[in-house]
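For reference, the structure is listed below as structure tokens.
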Amino acid sequence: MDDEANQVYDRIIDDYKKKRNITEELKEKDQLKWIQEMNNIENCVMEIILKSIIYSL
């Protein structure tokens, strides 16, 4: 279950970063915005994983 959750986490993080155009270039130009976006993405992804994988058992 842990491996599955980690794979889903990585895949969804990458998807969200692509959709929101969160790049290394943004990280270099505006670190605060990059951190805010990444924190938001991580919170969303963790909620998805908890609901779909962890709590569904």
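Is region 12-29 home to any residue that is of a type in the set (A, V, I, L, M, F, W, C) and over 12 Å from the mean Cα position of the chain (by Cα)?
Looking for residues that are of a type in the set (A, V, I, L, M, F, W, C) and over 12 Å from the mean Cα position of the chain (by Cα), one finds at least one in region 12-29, hence yes.
Can you pull out the residues in the chain that are of a type in the set (Gly, Ala, Ser) and on the phi > 0 side of the Ramachandran plot?
none
In this structure, is Lys29 touching a Leu at 6+ places or on another chain (Cβ under 7 Å) and open to solvent by 60 Å² or more (accessible area, probe 1.4 Å)?
Spelling it out, it is not the case that Lys29 is touching a Leu at 6+ places or on another chain (Cβ under 7 Å) and open to solvent by 60 Å² or more (accessible area, probe 1.4 Å).
With respect to Lys18, is the statement that it is of a type outside the set (Ser, Thr, Tyr) and open to solvent by 80 Å² or more (accessible area, probe 1.4 Å) true?
yes
Can you confirm whether region 43-55 contains a residue that is modelled with pLDDT of 95 or more and touching a Leu at 6+ places or on another chain (Cβ under 6 Å)?
No, every residue in region 43-55 fails to be modelled with pLDDT of 95 or more and touching a Leu at 6+ places or on another chain (Cβ under 6 Å).
The values are calculated or read from the model by the stated rules, or taken from the named source; none is laboratory data. This structure is a prediction, so every number in the text was calculated from the model and none was measured. Every residue, glycine as well, gets a Cβ built from its backbone with ideal geometry; the counts of neighbours run over all protein chains shown. Ligands, DNA and RNA are stripped out before the accessible areas are found, and what is left, the full protein with its side chains, is counted by its heavy atoms. Shrake-Rupley method; radii C 1.70, N 1.55, O 1.52, S 1.80 Å.
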